[in-house]
Amino acid sequence: MKKSLLFILPAMVLATSCVDTLDDYNIDPKRPQAGEVPATTLVSSAERSLARTVVSPSVNLNPFRLYTQYWAETTYFDESIYDIKTRNINGGFWSAIYRDVLRDLQEARTIINANTDPTFAPAVRANQLAAIEVLEVYAWATLVDAFGDVPYSEALDFARPQPKYDDDAVIYSDLITRLNTAIGKFDTSAEGLGSADLIYGGDVAHFAQFANSLKLRLALTISEVDAAKAGTMVKEVQGKLFTSNEDNAQIAFQTANPNTNPLFEDLVQSGRNDFVGTSFFINKLTTLNDPRLNVYFQTRDGKYVGGEYGSNNSYESFSAPGAALESPTFPGVLLSYSQVEFLQAEAVERGLGATGSAKSHYDAAVTASILEWGGTQGQATAYLAQPTVNYSNAASGASFKEKIGIQKWIALYGQPTDSYREYRRLDYPVLTKPDQALSNIPRRFFYPVVEQNLNAANNSAAAAAIGGDNVDSRIFWDKF
């Protein structure tokens, strides 16, 4: 379901009348005072920031389209060789989630809980708090998936300026508990966030569906470290998941700043030509006769030509990202129906209690992706019939991880943060670091410099706990 983004700016304090004391002048007119910001406005802000963070192509924030080798860079290729420090990319991602998402959601919860208006129905309050909890779980999981151990139980507390880091597996366990509780509190007969919900426009039933689909994602993420728990979770969400592209958890951006898609801002508005497709990705799409190729990329002299990953490339010589990605209204997807079907296929293969066959879910996932990108049912059917794509092709000898992993990688082109997690989790496609790489392909971000400087003791303890604060240390679920 596509909903228009309406980003509501906090009310500004305007002093236009006489005052009683000079203290009345000691007010920042651009900063709202306590109690003046509606809780739902903060949720809108958090949803917007979350979507922008996970889909952004900015080399100061989100390099995951580079790490998963969808794109190569042109003039500068520092991020493609895993230079994380120069632009403080890890710090940008860390701050965006903590400051712009989690902090707003925390404050929204505080305001909702403090609301004593007798007309504020308990069921509406419960729905709003449950939606906030789901968004928080998503944001916390995103942080853990990027860094591993992070400040959690003591985070966002002004009384604790140096919070301890919590174990990543322990955080995930608590997030699952919180998500289960939130799911149980949704009441589809009552209203929720209303138009302030930029994802579903206040549709509580859809938000509950999102929560269950997120639960499925978390279940498969932990499946190699706790299969029993993952199996319980998979069974609990059957029949409660996304069933079409209309259910996608996404924000429809607008045509004018500041609510345009960050892809448009970097690919068009910036006036820069920083990215082209990689030969690795474009050649794969070409070999598979993938109908999404002409949407994912533009031609050069009538051909699709990929550049060299980890080197500089002439923008005029190689295929640029597709015109669809240059639209200011291109949606920012948090979780898609296609991804849910791939997760279901994997759950069947792992024997975790999902209904249906792995092939039926795989076919549904691929079809959903092709349709999502403007293709047709006929194109999807023809694509899936090819021996190189057909899930039942026994002659291929490919494992379920390879078959699902490669097609999922192709489908998650518009969801780079998810694609980076799934590449590390499924180990497909097989990527090779460039010759000039400063490190191996990162399995995680190392911690921001500000944490090393201002939270040194806790940061050092966390680094020791994960086996060293480097890009080769693995998140708890990244076992193989």
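Results, tabulated for the structure shown:
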quantity	calculated
Verdict on Thr329 being assigned to a helix (DSSP H, G or I) and surrounded by fewer than 22 Cβ atoms within 10 Å (Cβ to Cβ)	no
Residue check for Phe281: modelled with pLDDT of 95 or more and open to solvent by less than 10 Å² (accessible area, probe 1.4 Å)	yes
Checking Gly378 against (1) part of a helix (DSSP H, G or I); (2) surrounded by 15 or more Cβ atoms within 10 Å (Cβ to Cβ), the condition it does not meet	(2)
Condition met for Leu334 (closer than 23 Å to Phe297 by Cα, out of contact with any Lys or Arg (no Cβ under 9 Å at 6 or more places or on another chain), touching a residue at least 40 places away in the same chain (Cβ under 8 Å) and open to solvent by less than 10 Å² (accessible area, probe 1.4 Å))	yes
Subset of segment 288-324 that is surrounded by fewer than 18 Cβ atoms within 10 Å (Cβ to Cβ) and small (Gly, Ala, Ser) - its residue that is farthest from Glu265 (Cα to Cα)	Gly302
Which numbered condition Pro163 fails, given (1) open to solvent by 20 Å² or more (accessible area, probe 1.4 Å); (2) part of a loop (DSSP other than H, G, I, E, B); (3) not aliphatic (A, V, I, L, M)	(1)
Those helices (runs of 4 or more DSSP H) lying entirely in segment 415-480 with at least 3 residues over 19 Å from the mean Cα position of the chain (by Cα) and farther than 26 Å from Ala227 by Cα	449-454, 456-465
Selection from segment 247-280 of residues that are over 26 Å from Phe210 (Cβ atoms), in a loop (DSSP other than H, G, I, E, B) and not hydrophobic (A, V, I, L, M, F, W, C)	Asn257, Ser270, Gly271, Arg272, Asn273, Asp274
Segment 381-414, residues that are aliphatic (A, V, I, L, M), surrounded by 20 or more Cβ atoms within 10 Å (Cβ to Cβ) and either at positive phi or assigned to a helix (DSSP H, G or I) (or both)	Ile404, Ile410, Ala411, Leu412
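The values are calculated or read from the model by the stated rules, or taken from the named source; none is laboratory data. As the structure is a computational prediction, the values presented were derived from the model and not from experiment. When we count neighbours, we look across all protein chains shown, and the Cβ atoms used for this are built from the backbone with ideal geometry, even at glycine. Side chains included, ligands, DNA and RNA excluded: accessible areas come from the protein's heavy atoms. Shrake-Rupley method; radii C 1.70, N 1.55, O 1.52, S 1.80 Å.
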